[in-house]
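Here is the structure we will look at.
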Amino acid sequence: MKRKIYERLLEWKRRDARKVALLIDGARRVGKSWIAEEFGKNEYESHLLIDFRLAGDEVKEMFRTQLDRLDDFFFNLSAYYNVRLVKGRSLIIFDEIQFFPRAREAIKWLVKDGRFDYLETGSLVSIDENVKDIQVPSEERRIGLGPMDWEEFLWATGNELLLEALRRAHEKGEAPPNAIHRRAMELVRQYMVVGGMPQAVGVFVAERDLAAVDRQKRDILDLYRNDIAKHAGRMARKVRAIFDGIPSQLNRHDRVYRLSSLGADARFRSYEDAFLWLDDARVVNTAYNATEPTIGLKASSERSTFKLYMGDSGLLTSLSFDEDDALRADIQRRVLYGNLEANLGALMENLVAQMIVASGRKLYFYARSDNENAAERMEIDFLVTGSVVGGRHNVSAIEVKKTKRITTSSLDKFRKKFSDRLSRSYIVHTGAYSDEGGVLRLPVYMLPLELEHAEGGK
């Protein structure tokens, strides 16, 4: 499977590998180990992978006793794994580094030694909790990996030419032909059901069996629940309640997380760490309410008013429907054909959130309630910024619509109130591409191209 992170790994190898090791972090099962080993196979004369989930005491003892004798250390490591290490042309991969923090600390001396390049992989859920007794090396740079994005999904499913057609239409600022639009929407619905977890995509590509895909996703959800029980400590009960409650929260009209769903006496201060745990684990994507649509959205954000989206929309589809196998299969078919009106809005909005995060941006929205002045009462699903800070017009508004019946009352009020700050206004929907009165109606499959064109502001 082709992943965009590969180009960033190439850039690191070309420019910085002799100065820093690269730590690939992210949620469980997003393909960190696979991409590291694939990179080693393709770009180096040899590569040596140490999986610290499985490494025995004899390997760990080398790190404890031989780092002051690196000639012996590398000779013994090479002999143990039966991999010939070639100075300047070999990669050493520390896989699942969180299981042996001592190896992470050793990066300082290994990089300074300069013989080989080093990649590390780890799940964020436990990387940071295992650093109490080590000095985190400054010779380490982090790079995040998420689920496969929309473009990567098209590559994996053999739809490169369709992507080229969509890109060409976007560059021209016109709607693609109807046949291309219909095919793109079919694939969007597939992506909504399958998601971007590489194992689920692999099963889908190989078997085209949605039941098998669903089983794969449910295995991942169970893995996340196990991680919560194992790593969330005293917060485990709260984290689990938040995690399992995400679908019901997203089915609310405004999607804003209601703490009352966790108990009548639930307060943000007592649950804040649990929300942050899920966010740090990259299991969820959190959107905060920005009270002022200015360049620095973070500075105006209300941390206690937020929405929680699943990090992968395919996982949300499986988490949302716990019915028996036959009913789950029927629900998935309904999503594929766009006939699940009750839940389609939540799934669409989660997909758009995933696309925005994949573009390198943080998630923000705008919500204001005013019981006395209707003109001040409005909700905008997402706010994004561009990368150019040359003027005030740097914020774009995005409204997500699940059907072809579109109302724009909130967007109209928002555009009027903040006209001096807005760059673009979008309605992301299932219909055709058009530009109406300064509002770009964008088919959901074109949003990643538009975000790419805006050059990924943060």
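Is the range 35-45 home to any residue that is modelled with pLDDT under 95 and outside any loop (DSSP other than H, G, I, E, B)? No, every residue in the range 35-45 fails to be modelled with pLDDT under 95 and outside any loop (DSSP other than H, G, I, E, B). Looking only at residues in the range 10-34 that are touching a residue at least 60 places away in the same chain (Cβ under 8 Å) and assigned to a helix (DSSP H, G or I), the one that is nearest to residue 145 (Cα to Cα) is 32. Only one entry of 266, 236, 274 meets the criterion of being among the hydrophobic types (A, V, I, L, M, F, W, C), within 20 Å of residue 28 (Cβ to Cβ) and either free of Cβ contacts under 8 Å to residues at least 12 places away in the same chain or not in a helix (DSSP H, G or I) (or both), and that entry is 236.
Within the range 86-107, being part of a helix (DSSP H, G or I) and buried (at least 18 other Cβ atoms within 10 Å of the Cβ) holds for 97, 98, 99, 101, 103, 104, 105, 106, 107. The residue list 83, 59, 30, 20 contains one member that is among the hydrophobic types (A, V, I, L, M, F, W, C), out of contact with any Leu (no Cβ under 9 Å at 6 or more places or on another chain) and assigned by TED's automatic domain parsing to the domain that holds residue 139, which is 20.
Of all residues in the range 143-184, those that are under 30 Å from residue 12 (Cβ atoms) and of a type in the set (Val, Ile, Thr) total 2.
If the condition is being without any contact (Cβ under 8 Å) to a residue 40 or more places away in the chain and either among the β-branched types (Val, Ile, Thr) or outside any helix (DSSP H, G or I) (or both), then the range 59-85 contributes 59, 65, 66, 68, 69, 82, 83, 84, 85.
Only a single item in (1) in contact with a strand residue (DSSP E or B) (Cβ under 7 Å, 6 or more places away or on another chain); (2) exposed (fewer than 14 other Cβ atoms within 10 Å of the Cβ) is not met by residue 291, and it is number (2). Checking the stated criteria, residue 111 turns out not to satisfy the condition of being more than 26 Å from residue 28 (Cα to Cα), assigned to a loop (DSSP other than H, G, I, E, B), at pLDDT 95 or above and β-branched (Val, Ile, Thr). For residue 452, indicate whether it is out of contact with any Phe, Trp or Tyr (no Cβ under 6 Å at 6 or more places or on another chain), among the charged types (D, E, K, R), farther than 19 Å from residue 253 by Cα and modelled with pLDDT of 80 or more. Answer is yes for this residue.
Conditions tested, residue by residue: (1) under 21 Å from the mean Cα position of the chain (by Cα); (2) under 22 Å from residue 84 (Cα atoms).
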{"position": "1", "(1), (2)": "yes, no"}
{"position": "9", "(1), (2)": "yes, no"}
{"position": "15", "(1), (2)": "no, no"}
{"position": "23", "(1), (2)": "yes, no"}
{"position": "29", "(1), (2)": "yes, no"}
{"position": "32", "(1), (2)": "yes, no"}
{"position": "36", "(1), (2)": "yes, yes"}
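The condition of being in contact with a Gly (Cβ under 7 Å, 6 or more places away or on another chain), in the same structural domain as residue 423 (by TED's automatic domain parsing), at pLDDT 95 or above and not in a loop (DSSP other than H, G, I, E, B) holds for only one of 383, 315, that being 315. The condition (being in a loop (DSSP other than H, G, I, E, B), farther than 24 Å from residue 310 by Cα and out of contact with any strand residue (DSSP E or B) (no Cβ under 6 Å at 6 or more places or on another chain)) is satisfied by just one residue among 179, 206, 175: 175. When residue 435 is tested against the conditions (1) of a type in the set (D, E, K, R); (2) outside any strand (DSSP E or B); (3) at pLDDT 90 or above, the lone failure is (2). Looking across the range 415-432, the residues that are at pLDDT 95 or above and hydrophobic (A, V, I, L, M, F, W, C) come down to 427, 428. Of all residues in the range 343-370, those that are surrounded by fewer than 24 Cβ atoms within 10 Å (Cβ to Cβ) have Cβ atoms under 6 Å from Cβ atoms of residues that are assigned to a loop (DSSP other than H, G, I, E, B) and at pLDDT 95 or above, 6 or more apart or on another chain, in 358/149.
The values are calculated or read from the model by the stated rules, or taken from the named source; none is laboratory data. Keep in mind that this is a model prediction, so the values were computed, not measured. We place every Cβ from the backbone using ideal geometry, glycine too, and count neighbours over all the protein chains shown.
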